[in-house]
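Everything on this sheet refers to the single structure shown next.
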Amino acid sequence: MASELGTLHVLLLVAGLGLAEVFTSYDHLARMIDSEATVSEHLTSYIQAEEQRLDKLKQAFDTMRSHMVAASKERDRHLNNPINLYFLIKRIAADWSTVKSLINATAAEDVIRKANASVLLPGDEDVEGASVALLRLQDTYQLNTTQIGSGLLKTVHKSPEFTAWDCYELGRSAYDKDDHYHSLLWMEEALRRWNKEEDKTIDRLLLLDHLRHSALQQGNPRHSLSLIHEMLAIDPSHGQALTAKVHVESVLAEEQAMNADSNAMPLGPMKNERPAGNDSSERDRYEALCRGEGVMLGFSE
């Protein structure tokens, strides 16, 4: 593997994976990082305006409340006199109108519009694209999941460590695309980190539920059943676990019918083969080239 993960390689990986177009060049990425001053200007103005609005809202509400408290203390005076009642209704209606106008006077939409118009800020699509790019980077450079999660890439700057939640989110990104190879890698890493965390960053049941499904999809029904049993030990009424248990047990029964000794074998590490795909040979050559192994790309005629 090359001694460093070059910026060019990273950007090429990002650019080819459907990440939002504005984030496919170094210039745009740099502009995003350097946009703090512009964002601060918009948000500072917004916060100041909001503080003034909230002060006015508090004053208006105090006035409305004082009128309602006064009316409550003199109920008969207002309820038994139609003129007094008229003025009370009129006064409270005016108070409420002022309060409503101040509630609705927020400039939130305007500040978001201005920020988006002047600054390149990422959205959900870009986060998803960055997740895909990181998984592609992992494959290309044959990086260990624990290595990435510990921030141990061979780059100039050290990366922060992943929490169990961070690992789960990256795994879930793959899970949602039925990419159970990467999902299993990162869900397992999430579970390892969960076991070490003092302040838990994710619900164990949620993590186990995704892990047991990816384990099954990657050909590990016995591991999946073990995870389901753990889920039911935590929550015996867990609907998805109960349904999955029936299905996995039927899968195991079919395996045992074909191989009576299959369920007697020790429960070793889960198998997790990377899908070959239709272009696996070209993919492998490309990834080898990125690793600096000097492999010439072949082209079919």
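Stretched out fully, how many nm does the piece from Asn80 to Asp279 gain, at 0.36 nm a residue minus the Cα gap? Let's see the in-between values first.
Values: separation 199, 0.36 × 199 = 71.64 nm, distance 8.60 nm.
So the extension gain works out to 63.0 nm.
The accessible area of Trp165, taken with all protein chains in place and a 1.4 Å probe, comes to roughly 90 Å². Rounded to the nearest whole Hz, the Karplus-based 3J(HN,Hα) values (6.51 cos²θ - 1.76 cosθ + 1.60, θ = phi - 60°) of the range 253-259 follow the sequence 5, 5, 5, 5, 5, 8, 9, with x at glycine and proline.
With the Cα gyration tensor of the range 174-245 giving a ≥ b ≥ c as the square roots of its eigenvalues, does the rule (a/c under 1.5 for rounded; else a/b larger than b/c for prolate; else oblate) give rounded, prolate or oblate? If you can, show how the numbers build up before the last one.
Numbers: a/c = 1.76, a/b = 1.02, b/c = 1.72.
Taking the square roots of the gyration eigenvalues as a ≥ b ≥ c, the range 174-245 is oblate.
Annotation: lysines with alpha-carbon distance below 29 angstrom to Lys100 (same-chain offsets under eight excluded): Lys56, Lys58, Lys73, Lys90, Lys114. Converting phi to 3J(HN,Hα) with the Karplus coefficients 6.51, -1.76 and 1.60 and the offset θ = phi - 60°, the range 39-44 yields 4, 4, 4, 5, 6, 5 Hz in sequence order, with x at every glycine or proline.
Using only the Cα atoms of the range 215-266, construct the convex hull and provide its projected area averaged over every direction, in square nanometres to one decimal. Numbers along the way, then the final one.
Numbers: hull surface 14.6 nm².
Its Cα hull, projected and averaged over all orientations, spans 3.6 nm².
Cross-link reach is defined here as a Cα-Cα straight distance under 27 Å, omitting same-chain residues fewer than 8 places apart; for Lys177 the lysines meeting it are Lys200, Lys245, Lys271.
The values are calculated or read from the model by the stated rules, or taken from the named source; none is laboratory data. These numbers were taken from a predicted model, which means no experiment stands behind them. SASA here: full protein model, heavy atoms, side chains in, ligands and nucleic acids out. Shrake-Rupley method; radii C 1.70, N 1.55, O 1.52, S 1.80 Å.
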